[in-house]
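Colleague: Structure below; questions to follow.
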2 protein chains.
Amino acid sequence: MNNEHANHSVVIVGYGGMGSYHAKLIKDNGRLKVTGTYDIDGQRAAASEKDGYPAYSSYEAVLRDPAVETILIATPNDVHKDLAVQAFAAGKHVICEKPVTMSVEDFKEMTAAAERADRVLMVHQNRRWDEDFLIIKQMYEQKTVGDLFRIESRVHGANGIPGDWRHLEAYGGGMLLDWGVHLLDQLVFMVDSKITSVTGRLSFILGDEVDDGFEAVLQFENGLSALVEVGTTNFIPLPRWYVKGTEGTGVIEDWSMTGRIVTRNREAEHVEPKPIQAGVGLTKTMAPPSESATLTGVLPEPFRQPSSFYDNYVSVLEGTAEPLVKNDQVLRVLNLIEAVFRSGRTGETVKDFDLY
Amino acid sequence: MNNEHANHSVVIVGYGGMGSYHAKLIKDNGRLKVTGTYDIDGQRAAASEKDGYPAYSSYEAVLRDPAVETILIATPNDVHKDLAVQAFAAGKHVICEKPVTMSVEDFKEMTAAAERADRVLMVHQNRRWDEDFLIIKQMYEQKTVGDLFRIESRVHGANGIPGDWRHLEAYGGGMLLDWGVHLLDQLVFMVDSKITSVTGRLSFILGDEVDDGFEAVLQFENGLSALVEVGTTNFIPLPRWYVKGTEGTGVIEDWSMTGRIVTRNREAEHVEPKPIQAGVGLTKTMAPPSESATLTGVLPEPFRQPSSFYDNYVSVLEGTAEPLVKNDQVLRVLNLIEAVFRSGRTGETVKDFDLY
């Protein structure tokens, strides 16, 4: 945490919301140092200077500067690829915001350029470090509620699509590319199994040219099924995570980590449930289990990742660690996103596509 | 409510949980009267006698008795059709439990027999009278939260499949035929639009030969999509109803009618949401709307059905009303169920099937 030892210089390209957020986070990290920024918007360049980061006058100037080791790309999505390819050609390493590109094809071009130049490319899939996700990962691996056979991962807002270019297809807008890439990345990172089918639905209720939300049902070869859903017209949110295991159910309501697990009480003698009045009918099936039949518990402690995104990145640069976000995983997620788009557009379930 | 005027006699065939529940409900109704029962199980016949309902010694004895006007069938599902066809041939009217038959083909045979004999057949789709459903129907028709474009109807329990024959395929067991027929019937009754596609998933996690739950995503021609889900391994239930409209969202948690609606506040000036910390990242999209931007309200009063199931049935018998549960609607739901089974078994979305 000592900036005097920060010997890896980073220039942030695109000093908007995410770019300036990176600057703040890197300041807290001791091994990287933001030495400047570049933004085509003069107001953002001025904001950068005010924040203490010199603004380069052109991207070429960044590329020509031999003091720059890493370029962090936080622009709209449509220019990630070109900026990265130029960076590699100039001998720079690259951290790139998500979604790294808008297609599998573009990403392949990008990774090929990185390999030719023998430079590092690491995509900022930062939500692999989210505590809520790491709790679910823990539950998945430790079988806290038995073997998980169903994972529902939802992010619900009611603000529509905020911002500017995020409304536009040409810039890679829309919720599947924005939030979808995080939620799908988390799943693919957690579940080591081939995806045998995906059924997607895209929402266009707000009249944008891009999706204002989506849902995707994934079937994994190991039997697990997952629902991933993003909504921007949900005035009441459903829980962030809802998971079912052979021994119980877990829920995480929101980012405050409110939640609980309810499991079968193996110690209790089985008591046949009594029918309850439900609406105008009776139901035994849907009666709550008898009081002694279940146990309510707290969420487990989250897994801890061994290092932060930035620490891991520096270790990769220094040759002492493998990247936690691997480019073949990123490729797999982009390919999955293309399958969700294809399914959403055709109304058909897509199979035999996974790059597992 | 005066049993002395109850001049329409009913004999209940199958005096189990549902059969005896019918007897209780009919007792509260003044126009029908249970004059006897028939059950192949001697213990149930004894229970009937104890409850004050003479037990016939055979189904033939019921059919031969000219005092019997209506036969109410509350047996396992596999024998509904044969019992009904025999009843019509003997000149009786029939009330039949749901699912009326296990296939479209069987139901067509049943309705043909009713028509030939000019007798009434009415299926006990009693959950059209459920208050929770009637609130949603009200919201759909009155646009309480704007035009509904998404309806999610879930019933979650944690008892597995209770009972005996409900575990077995030969008797028409499984959750799609048991609870599914109610939830799909409610939707089809409410939404006057063709179903253009359905994607189904069946759950077999409990190791039964029949589904222990299912989900079905229905796309209607009018733009509405619906999710219908039944689960018997859900130790924490998701809300019974979750509906999204162009102006807000509504939720009904459970049969106690706990719930609320949250709508856009048209009076408030638009305030761009502020980014919030969510996990390790920031999000503006998923930030809660500003406090003045939404209004929280109570659920509307439910629609009132003009009469109860039994009242309506008697009026149909007397020729003074149309049936509230129409056989072409029942046929449509059975056909939809077959499409959900087909989709679940093949893993494909099914189109061009609806009998709308």
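The values are calculated or read from the model by the stated rules, or taken from the named source; none is laboratory data. Note that the structure is a prediction, hence the values are computed from the model and not measured. Please note: Cβ atoms are built from the backbone with ideal geometry, for glycine as well, and neighbour counts cover all protein chains shown. Surface accessibility is based on the protein's heavy atoms, side chains included, excluding ligands, DNA and RNA. Shrake-Rupley method; radii C 1.70, N 1.55, O 1.52, S 1.80 Å.
Colleague: Can you tell me which residues in region B:168-198 are within 11 Å of another protein chain (Cβ to nearest Cβ) and among the charged types (D, E, K, R)?
Modeller: Within region B:168-198, B:ASP178 is the sole residue that qualifies.
Colleague: Now a separate question. Which residues, counting only those in region B:227-240, are more than 8 Å from chain A (Cβ to nearest Cβ) and crowded, with 24+ Cβ neighbours inside 10 Å? I'd like the intermediate steps shown before the answer.
Modeller: Here is the first cut: in region B:227-240, the residues more than 8 Å from chain A (Cβ to nearest Cβ) are B:227-230, B:237, B:240.
Once the filter is applied, which keeps residues that are more than 8 Å from chain A (Cβ to nearest Cβ) and crowded, with 24+ Cβ neighbours inside 10 Å, region B:227-240 yields B:VAL228, B:VAL230, B:ARG240.
This table checks each residue for (1) in contact (Cβ under 8 Å) with a residue 24 or more places away in the chain; (2) touching a helix residue (DSSP H, G or I) at 6+ places or on another chain (Cβ under 7 Å); (3) outside any loop (DSSP other than H, G, I, E, B).
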position	(1), (2), (3)
B:LYS244	yes, no, yes
B:THR249	yes, no, yes
B:ILE261	yes, no, yes
B:LYS274	no, no, no
B:TYR310	yes, yes, yes
B:VAL316	yes, no, yes
B:GLY344	yes, no, yes
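Colleague: Looking at region B:246-283, which of its residues are of a type in the set (D, E, K, R), farther than 26 Å from B:PHE189 by Cα and in contact with a strand residue (DSSP E or B) (Cβ under 8 Å, 6 or more places away or on another chain)?
Modeller: Keep residues of region B:246-283 that are of a type in the set (D, E, K, R), which gives B:247, B:253-254, B:260, B:264, B:266-267, B:269, B:272, B:274.
Now narrow it down to the ones that are farther than 26 Å from B:PHE189 by Cα: B:264, B:266-267, B:269, B:272, B:274.
Passing the criteria: only B:ARG264.
Colleague: Ok, one more. Within region A:258-279, can you find the residues that are open to solvent by less than 60 Å² (accessible area, probe 1.4 Å) and either within 15 Å of A:ILE136 (Cα to Cα) or at the interface with chain B (Cβ under 7 Å from one of its Cβ atoms) (or both)?
Modeller: Step one: list which residues in region A:258-279 are open to solvent by less than 60 Å² (accessible area, probe 1.4 Å), which gives A:259, A:261-263, A:265, A:268, A:273, A:276, A:278-279.
Correct list: A:GLY259, A:ILE261, A:VAL262, A:THR263, A:PRO273, A:ALA278, A:GLY279.
Colleague: Here is a follow-up. Run down B:ILE195, B:ILE236 and say which single residue is touching a Phe, Trp or Tyr at 6+ places or on another chain (Cβ under 8 Å), of a type in the set (A, V, I, L, M, F, W, C) and within 19 Å of A:PRO237 (Cα to Cα).
Modeller: Values: B:ILE195 fails: within 19 Å of A:PRO237 (Cα to Cα).
Among B:ILE195, B:ILE236, only B:ILE236 is touching a Phe, Trp or Tyr at 6+ places or on another chain (Cβ under 8 Å), of a type in the set (A, V, I, L, M, F, W, C) and within 19 Å of A:PRO237 (Cα to Cα).
Colleague: Can you pull out the residues in region B:337-353 that are more than 10 Å from chain A (Cβ to nearest Cβ), open to solvent by less than 30 Å² (accessible area, probe 1.4 Å) and either hydroxyl-bearing (Ser, Thr, Tyr) or under 18 Å from the mean Cα position of the chain (by Cα) (or both)?
Modeller: Hits for region B:337-353 are B:ILE337, B:ALA339, B:VAL340.
Colleague: Continuing with the same structure: Out of the residues in region B:106-117 that are open to solvent by 50 Å² or more (accessible area, probe 1.4 Å) and more than 26 Å from B:SER193 (Cβ to Cβ), which is farthest from the other protein chains (Cβ to nearest Cβ)? Please lay out each step first, then the result.
Modeller: Of region B:106-117, the ones open to solvent by 50 Å² or more (accessible area, probe 1.4 Å) are B:108-109, B:115-116.
From what's left, more than 26 Å from B:SER193 (Cβ to Cβ): B:109, B:115-116.
Values: B:GLU109: 27, B:GLU115: 29, B:ARG116: 31 Å.
Applying the filter and picking the extreme gives B:ARG116.
Colleague: Something else about it: Using the structure shown, decide if A:PRO288 is open to solvent by 70 Å² or more (accessible area, probe 1.4 Å) and facing chain B (nearest Cβ under 10 Å).
Modeller: Working: open to solvent by 70 Å² or more (accessible area, probe 1.4 Å): yes; facing chain B (nearest Cβ under 10 Å): yes.
Spelling it out, A:PRO288 is indeed open to solvent by 70 Å² or more (accessible area, probe 1.4 Å) and facing chain B (nearest Cβ under 10 Å).
Colleague: While we're on this one: Mind listing just one residue for me: the one in region A:192-204 that is in contact (Cβ under 8 Å) with a residue 40 or more places away in the chain and more than 25 Å from B:LEU224 (Cβ to Cβ) and, of those, surrounded by the fewest Cβ atoms within 10 Å (Cβ to Cβ)? Step through it out loud before you land on a result.
Modeller: Our first condition is that a residue be in contact (Cβ under 8 Å) with a residue 40 or more places away in the chain; within region A:192-204, this holds for A:193-202.
When the remaining residues are screened for being more than 25 Å from B:LEU224 (Cβ to Cβ), the result is A:193-196.
Working: A:SER193: 14, A:LYS194: 12, A:ILE195: 25, A:THR196: 16.
Restricting to residues being in contact (Cβ under 8 Å) with a residue 40 or more places away in the chain and more than 25 Å from B:LEU224 (Cβ to Cβ), the top hit is A:LYS194.
Colleague: Looking at (1) touching a Phe, Trp or Tyr at 6+ places or on another chain (Cβ under 8 Å); (2) open to solvent by 10 Å² or more (accessible area, probe 1.4 Å); (3) over 19 Å from A:THR349 (Cα atoms); (4) among the small types (Gly, Ala, Ser), can you tell me which one B:GLY163 breaks?
Modeller: Every listed condition holds for B:GLY163 apart from (1).
Colleague: When the residues of region A:118-149 are narrowed to those that are among the charged types (D, E, K, R) and more than 8 Å from chain B (Cβ to nearest Cβ), which ends up least open to solvent (accessible area, probe 1.4 Å)? Show your work before the answer.
Modeller: Kept after step one, since they are among the charged types (D, E, K, R), are these residues of region A:118-149: A:118-119, A:127-128, A:130-132, A:137, A:141, A:143, A:147.
Checking which are more than 8 Å from chain B (Cβ to nearest Cβ) leaves us with A:118-119, A:128, A:137, A:141, A:143, A:147.
On the way: A:ASP118: 118, A:ARG119: 82, A:ARG128: 3, A:LYS137: 28, A:GLU141: 87, A:LYS143: 106, A:ASP147: 79 Å².
My answer is A:ARG128.
Colleague: Just for region A:150-167: of the residues that are basic (Lys, Arg) and out of contact with any Gly (no Cβ under 7 Å at 6 or more places or on another chain), which one is farthest from the other protein chains (Cβ to nearest Cβ)?
Modeller: Taking region A:150-167 and keeping what is basic (Lys, Arg), we get A:150, A:154, A:166.
Narrowing further to those that are out of contact with any Gly (no Cβ under 7 Å at 6 or more places or on another chain): A:150, A:154.
On the way: A:ARG150: 8, A:ARG154: 10 Å.
My answer is A:ARG154.
Colleague: Being more than 7 Å from chain A (Cβ to nearest Cβ), under 20 Å from the mean Cα position of the chain (by Cα) and open to solvent by 10 Å² or more (accessible area, probe 1.4 Å) is the filter here, so list the residues in region B:241-257 that pass it.
Modeller: B:GLU253, B:ASP254, B:SER256, B:MET257
Colleague: I want to confirm something. Restricting to region B:62-100 and keeping residues that are of a type in the set (Lys, Arg) and touching a strand residue (DSSP E or B) at 6+ places or on another chain (Cβ under 7 Å), which single residue is surrounded by the fewest Cβ atoms within 10 Å (Cβ to Cβ)? Break it down into steps so the answer makes sense when it comes.
Modeller: Of the residues in region B:62-100, the ones of a type in the set (Lys, Arg) are B:64, B:81, B:92, B:98.
From what's left, touching a strand residue (DSSP E or B) at 6+ places or on another chain (Cβ under 7 Å): B:92, B:98.
Values: B:LYS92: 21, B:LYS98: 23.
Out of the qualifying residues, it is B:LYS92.
Colleague: Given the conditions (1) open to solvent by 30 Å² or more (accessible area, probe 1.4 Å); (2) facing another protein chain (nearest Cβ under 9 Å); (3) not hydrophobic (A, V, I, L, M, F, W, C), which single one is not true for B:SER307?
Modeller: (2)
Colleague: Which ones in region A:318-335 are surrounded by 15 or more Cβ atoms within 10 Å (Cβ to Cβ) and assigned to a loop (DSSP other than H, G, I, E, B)? Steps first, answer last, please.
Modeller: Looking only at region A:318-335, we keep the residues that are surrounded by 15 or more Cβ atoms within 10 Å (Cβ to Cβ), and these are A:321, A:323-325, A:327, A:329-335.
Result: A:ALA321, A:PRO323, A:LEU324, A:VAL325.
Colleague: If you go through region A:199-217 one residue at a time, how many are within 12 Å of chain B (Cβ to nearest Cβ) and not in a strand (DSSP E or B)?
Modeller: Looking only at that region, the number is 5.
Colleague: Restricting to helices (runs of 4 or more DSSP H) lying wholly in region A:1-79: which have 3 or more residues that are modelled with pLDDT of 95 or more, away from chain B (no Cβ under 14 Å) and in contact with a Phe, Trp or Tyr (Cβ under 7 Å, 6 or more places away or on another chain)? Full working, then the answer.
Modeller: Numbers: elements: A:17-27, A:42-50, A:59-64.
Answer list for region A:1-79: A:42-50.
Colleague: Right, next: Sort out which residues of region A:149-191 are among the acidic types (Asp, Glu) and touching a residue at least 12 places away in the same chain (Cβ under 8 Å), and write them in order of number. Talk me through it step by step, then tell me what you get.
Modeller: Filtering region A:149-191 for residues among the acidic types (Asp, Glu) gives A:152, A:164, A:169, A:178, A:185.
Hits for region A:149-191 are A:GLU152, A:GLU169, A:ASP178, A:ASP185.
Colleague: For residues that are in contact (Cβ under 8 Å) with a residue 24 or more places away in the chain, assigned to a loop (DSSP other than H, G, I, E, B) and of a type in the set (D, E, K, R), scanning just region B:92-148, find the one that is nearest to B:LEU224 (Cα to Cα). Working first, answer last.
Modeller: Step one: filter region B:92-148 for residues in contact (Cβ under 8 Å) with a residue 24 or more places away in the chain, giving B:92-104, B:106-111, B:113-114, B:116-117, B:119-148.
Filter once more, so that each one left must be assigned to a loop (DSSP other than H, G, I, E, B): B:92, B:97-103, B:119-120, B:124-125, B:130, B:143, B:145, B:147.
Now narrow it down to the ones that are of a type in the set (D, E, K, R): B:92, B:97-98, B:119, B:130, B:143, B:147.
On the way: B:LYS92: 41, B:GLU97: 29, B:LYS98: 26, B:ARG119: 37, B:ASP130: 22, B:LYS143: 13, B:ASP147: 9 Å.
Only one residue tops the list, namely B:ASP147.
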